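The structure under discussion appears below in the form of structure tokens.
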Amino acid sequence: MAGEVRAGERRQRRGEDPERQFQWVVPKKRKASVYEDLTLDTQPSVHRFMRNGWYCSFPDGRGTWDDASTELAVATWSAFRDPNELWERPYYQQGAQCEKEIDAAVEGARAEGLNAGMPDAWVEFLRRDGQVTAFVEHGIWSIATRRSRAALSDVLTHGIVLYAAMKQRQAQAHVIHGMDLDQDLGDVTIEAAKERWLQAEAWQPTRRLVERMGTITDWAELIVVSGLVVEPLLGAGLRRELLLRPALANADPVTPVIARNAQREWAWWRDFSQAFTEFVLTDEEHGAANRDIVERWLASWEPEARAAVDALEPVFSTAPRADFAAGREAVVIDQEALKAACGLSTEVPA
Amino acid sequence: MATQQTRRRSVTQTHERVAQLGWKRSYHEPVPIYDTRYVFPDKAKDPMKQVMRDYLPMQLEKDERVYGGFDAALRAGMPTKADERWLQIMKPLILILVYAEGAAGRCMSVVMDVVPNEELLNGYHVQFVDEVRHIGMQMNLARWYAKNTPDPAGWHKGQEYMAENLFTRAGVNMFSHSFTGDPIAAGFTMMTVIETAFTNVAFVALPDVATRNGDFIQATTYSSVQSDEARHISNGYATMLTVLQEPENIPLIQHDLQQAWWIVHAFVDPFVGTIMEYFSTDRSDEESYLTKWDRWIRDDWYRSYVEQLGKMGVDIPPAMFERARERLVAGLHHKTAPLAFATWPLAFWKFDPLTQTDFEWFERQYPGWYDEYGATWEAYAALADPEENALLLSGLLDGAPPFCFTCMLACVLDDDMCHRTCQDRHGVERTRFYCSPECKWLDETNPGRYTGDRNYFDKHHGKALSEVIVELGLLRADGKTLVGQPHLRTDRMWTLDDIRAADLQITSPNITTAEAMGLPCGSWHDEGDPFGAVQGDGNGFQPVTLYGGGGGTNGDGRNGYSLDDLAAAAVGSTPWVKL
Ligand SMILES: [Fe+2]
Ligand SMILES: [Fe+2]
Ligand SMILES: [Zn+2]
């Protein structure tokens, strides 16, 4: 807490009624935002106002929250902010908007008979692999939601929870799309997609990677690995390069809407993860040590994520108008740019 | 704007397809960071299902109604029309409920970490998202009160005050039970007890009191919260039915459900009972807290839920439940309320002295009430003016009961109060007091759970009251008038000088009671600990010796109890307390 500018003092100078302000909120900008007022310190901390320590601990000695829940350390976790200031109301507005757009696309496609315009080969691709990405999103959801509780501030926990919620929405959107296609075109089942996910050779490195994410015990590692490695390489590779671009080229009326909405949500998480990484790397006292840890995480996950993308070439090759080489290059460039923006070396670990 | 076509999507079929998203791992098994003693059957019971396509617009619509309500309330002039006595108590109430919402959300995360059954996971997760919604709405309510109601003082440092307040910190303690320790026990605490039994009281009965006192925006907000609770209750029920399938879980369920019930009762009944009855100006409701309790808790929860579990092999002795009711009848909240009022200088809200109308209402609901408590309330009213130069707390603190080590509220029922002594990490013998044998049982069977500097007055023992007020920052913007006041007037407000003039030295009832009883030291405050705690936590935890064992079996002073030991202690070797 030391060194933080007290919001109340600042406001008093500006002549506002100090008793009508949440003075515990330390605003990032001149004035506290609604997001800050509604979010900050809703998760209390012994590093903030709980001067008597935790009242309730685990039998193994961990407190209600535990500083050792992450390897990273910073002066104060409560100083971190989501750059896009997402809280519940805009979350529901945006999430509902996504679903509305998808439903409208389905409706439009049916009313105008647009599904008939898709080439057979693209329909075949949708039958075979169109829903498989749902398992990727769902798998990430299942670990994100489990790691949300341990995070060391309200902003962090809410961010991880909402990220998980987006993953689940994305996964379900694919499944519901499959149902709609099944109704319109026939023979689109989730069982077939699951079979591909569990058996098809090309998908196995991806599945192994997603399953490995389930072993992450450090919530900060989850943010870094999902935000800087898995999402930019694999997530964007699937959503944009496998689904969005080819679907547009194949006159698919619904898939692009699904993929574009998911990409919009990814953009939020990308900003969040980037801000988080910059936050830990620039910590005055712990920044250098944090950099070592973050780089170790990247080194440990990047090769596997790249290999997963590489293994998907056969899937891309059966998707008409998909360009594996170009897509792969695009996601690699984007990920490197993201790492550079975080202040990380873009060197590819061996 | 769903169309004919999209609306025709079969709900059952959607759920069947979405349920296929889980798969059995082949390359890596998930690694949990929390431990449970429970085992899980292959097939779980399905809770109420929720798919994001329906969930998101549904919640958005509810949000729009709530947030729209705030503008309407402003236009209707609600801030000045709502009853002031009621508006004051919203300060601690909303903030502790925000903590409860956070606890409920985090409960989902710990439960998901150990429950392997895919069928249950989505419901848990959706609940966490709901709880994020509840936090946003309620903080928005707090913000609205702060911006618009006549006396915002207290809101301005609300979260700081909440963490240190005598009563809300006990709430932090209680709600923390729902996301620390064994996740399934935590899940019972939140879903089976707090949500299934008590949300009707907190989110239905309390908003009714709000409306009667002219505060319909509180009611709008909490009704919207409550509309999500059916799904949360369903999560709890599905969890219960799932673990019930494995016979070896039965003793654990019996044990954990009783403990969950007790800790929730120990905080919620005195806290909410006091708020509902002592902070309502409107006296048109002839139903007492006890009557509501009988309806919501006894009939709707205990009789139609807990007793029914008996048919499925879970045998919960009625003692726990009956005991809680007996304590209410014996005056649990009537004896807690005067203490709350007497500690007004340490509060972050104002208190309104009871009036003749209040006395009559209490007498109608609880015959004999005036004879027992009337004099205290007359004295309270008489001392509300700083001119009197006296604090009710002066007289009260000397004979005040100690605070319970487990639930952190005062041991107000003489017959229930008990204690034990145990060694701290330096081998010093100290006394822990408990409000009840049940709270003692909770502490004994959960070594290492109750940490921190727990007895409110220990660290202030020997200090002047004025000093403590300054230390806790309980002053208004002028730097001299107290945030807490014993009356609602805007004149004759107490200042720090008035408190100094009244010259009160704080004594900890835990310390003085132990002395009076010839027991080892009653203080659990340690000057040398960064958090003032004899029994630290988290980073550098040192266990207290229990069951006559040594001080930590790992050689590093850390607790060496295995989960098996704890489970054995829980169900076998430590018998259910004799009453
Ligand atoms: Fe809630
Ligand atoms: Fe809930
Ligand atoms: Zn107690």
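Read the figures in this text as sums done on the coordinates, not as results from a lab. As the structure is a prediction and not an experimental result, all values here were calculated from the model. Virtual Cβ from ideal backbone geometry, glycine too; neighbours counted across all protein chains shown.
At a Förster distance of 60 Å, what's the computed FRET efficiency of A:A325 paired with B:V428, Cβ-Cβ distance as r, to 0.05? Please list the in-between numbers first.
Numbers: r = 72 Å, r/R0 = 1.20.
Efficiency, from the Cβ-Cβ distance: 0.25.
How high is the relative contact order of the stretch A:86-341? Use alpha-carbon pairs under 8 Å, at least six apart in sequence, and give a whole percent.
Details: 279 pairs, mean separation 65.9, N = 256.
Relative CO of the stretch A:86-341 lands at 26 percent.
Using 1/(1 + (r/R0)^6) with R0 = 60 angstrom and r between the beta carbons of A:D182 and B:V329, what's the FRET efficiency to the nearest 0.05?
FRET efficiency, A:D182 to B:V329: 0.45.
Go ahead and set up a Gaussian network model of chain A, Cα springs under 10 Å, then flag whichever of A:A262, A:A121, A:A220 fluctuates most.
A:A121
Let me understand chain A better: what is its radius of gyration from the alpha carbons, and its Dmax, in angstrom?
22.2, 69
What is the fewest-to-most order of B:T221, B:T357, B:T481 by other Cβ atoms lying within 10 Å of their Cβ?
Details: B:T221 24, B:T357 11, B:T481 16.
Exposure proxy ranking, most exposed first: B:T357, B:T481, B:T221.
If you average the alpha carbon positions of the stretch B:334-358 and of the stretch A:45-84, how far apart do those two centres end up, in angstrom?
Centre-to-centre distance over Cα atoms comes out at 34 Å.
Neighbouring Cβ atoms within 10 Å as the yardstick, rank B:Y450, B:Y237 fewest first.
Details: B:Y450 24, B:Y237 17.
With the sparsest Cβ surroundings first, the list reads B:Y237, B:Y450.
Out of the GluC sites (Glu not before Pro) in the stretch B:262-336, which ones are loop residues according to DSSP with at most 16 other C-beta atoms within 10 Å?
On the way: sites: B:E277, B:E286, B:E287, B:E307, B:E322, B:E326; in loops: B:E286, B:E287.
Of the GluC sites (Glu not before Pro), the ones in loops of the stretch B:262-336 whose Cβ has at most 16 other Cβ atoms within 10 Å are B:E286, B:E287.
For peptide A:213-220, compute the average count of partner chain beta-carbon atoms within 10 Å of each residue's beta-carbon. Mind dumping the intermediate values first?
Working: counts 2, 7, 6, 3, 5, 1, 2, 0.
So the per-residue partner count for this stretch is 3.
Which GluC sites (Glu not before Pro) in the stretch A:297-350 sit in a loop by DSSP (not H, G, I, E or B) and have at most 16 other Cβ atoms within 10 Å of their own Cβ?
Details: sites: A:E304, A:E329, A:E336, A:E347; in loops: A:E347.
Counting only loop positions with at most 16 other Cβ atoms within 10 Å, the GluC sites (Glu not before Pro) in the stretch A:297-350 are A:E347.
For chain B, what class follows from the C-alpha gyration tensor (a ≥ b ≥ c being the square roots of its eigenvalues): rounded when a/c is under 1.5, otherwise prolate if a/b is larger than b/c, else oblate? Please list the in-between numbers first.
Numbers: a/c = 1.77, a/b = 1.19, b/c = 1.49.
Taking the square roots of the gyration eigenvalues as a ≥ b ≥ c, chain B is oblate.
Counting only other chains, and only Cβ atoms inside 10 Å, what mean value do you get across the residues of A:90-97?
Working: counts 2, 8, 14, 4, 2, 8, 10, 3.
Mean number of neighbouring Cβ atoms from other chains: 6.
Just for the protein assembly as shown, what percent of DSSP beta bridges are antiparallel, to the closest 5?
Details: 12 of 13 bridges.
Of all bridge pairs located within the protein assembly as shown, approximately 90 percent are antiparallel.
With the cut-off at 1.5 for a/c, could you classify the stretch B:1-156 from its C-alpha gyration tensor as rounded, prolate or oblate? Intermediate values should be presented prior to the final figure.
On the way: a/c = 3.95, a/b = 1.67, b/c = 2.37.
It is oblate, given that a/c is not under 1.5 and a/b is not larger than b/c.
Run the dipole for the stretch A:86-341 about the Cα centre, Lys and Arg Cβ at +1, Asp and Glu Cβ at -1, nothing else charged, and hand back the magnitude in debye, nearest 20.
Values: 27 positive and 40 negative charges, 48 e Å.
Approximately 240 debye in magnitude.
How many nm is it between the label spots at B:E388 and A:E336, if each spot is 7 Å from the Cα in line with the beta carbon?
Distance between label points: 7.8 nm.
Quick check: residue separation of A:D292 and A:E85 times 0.36 nm, minus the Cα distance between them. What number comes out in nm?
Numbers: separation 207, 0.36 × 207 = 74.52 nm, distance 2.84 nm.
So the extension gain works out to 71.7 nm.
Say the cut-off is 31 Å between C-alpha atoms; which of B:K62/B:K91; A:K194/A:K339; A:K28/B:K91 go over it? It would help to have the intermediate numbers written out before the result.
Details: B:K62/B:K91 24 Å; A:K194/A:K339 33 Å; A:K28/B:K91 25 Å.
Beyond 31 Å: A:K194/A:K339.
Residue separation times 0.36 nm, minus the C-alpha to C-alpha distance between B:R364 and B:E61: what's the value? Before the final figure, lay out each step's value.
On the way: separation 303, 0.36 × 303 = 109.08 nm, distance 4.25 nm.
So the chain would gain 104.8 nm between B:R364 and B:E61.
Please report, in debye to the nearest 20, how large the charge dipole of the protein assembly as shown is about its Cα centre when each Lys and Arg carries +1 at its beta carbon and each Asp and Glu carries -1 there.
Working: 94 positive and 134 negative charges, 273 e Å.
Here the size comes out at about 1320 debye.
Taking each residue in B:169-179, count the Cβ atoms of any other chain within 10 Å of its Cβ, then average. What number comes out? Write out the running numbers ahead of the final one.
Working: counts 4, 1, 0, 7, 4, 2, 3, 8, 3, 1, 4.
Going residue by residue through B:169-179 and averaging, the value is 3.
Taking the Cα-to-Cβ direction at B:A230 and at B:E248 and moving 7 Å from each Cα, how far apart do the two end points lie in nm?
3.8
List B:F359, B:F271 from most exposed to least, where exposure is judged by having the fewest other Cβ atoms within 10 Å.
Working: B:F359 16, B:F271 23.
Arranged by neighbour count, lowest to highest, B:F359, B:F271 become B:F359, B:F271.
Just to verify a number: FRET efficiency for B:V11 and A:Q204, C-beta to C-beta distance, R0 = 41 Å, to 0.05?
On the way: r = 34 Å, r/R0 = 0.82.
Given R0 = 41 Å and the Cβ-Cβ separation, E is 0.75.
Just to check I understand the Karplus step: with θ = phi - 60° and J = 6.51 cos²θ - 1.76 cosθ + 1.60, what whole-Hz values come out for the stretch A:244-256, glycine and proline as x?
The phi angles translate into 4, 4, x, 4, 4, 5, 9, 6, 6, x, 10, 3, x Hz.
Between the DSSP loop rule and a limit of at most 16 other Cβ atoms within 10 Å, which trypsin sites (Lys or Arg not before Pro) in the stretch A:263-350 are left? Please report the intermediate quantities before stating the final value.
On the way: sites: A:R264, A:R270, A:R291, A:R296, A:R306, A:R321, A:R328, A:K339; in loops: A:R321.
Qualifying residues, ordered by number: A:R321.
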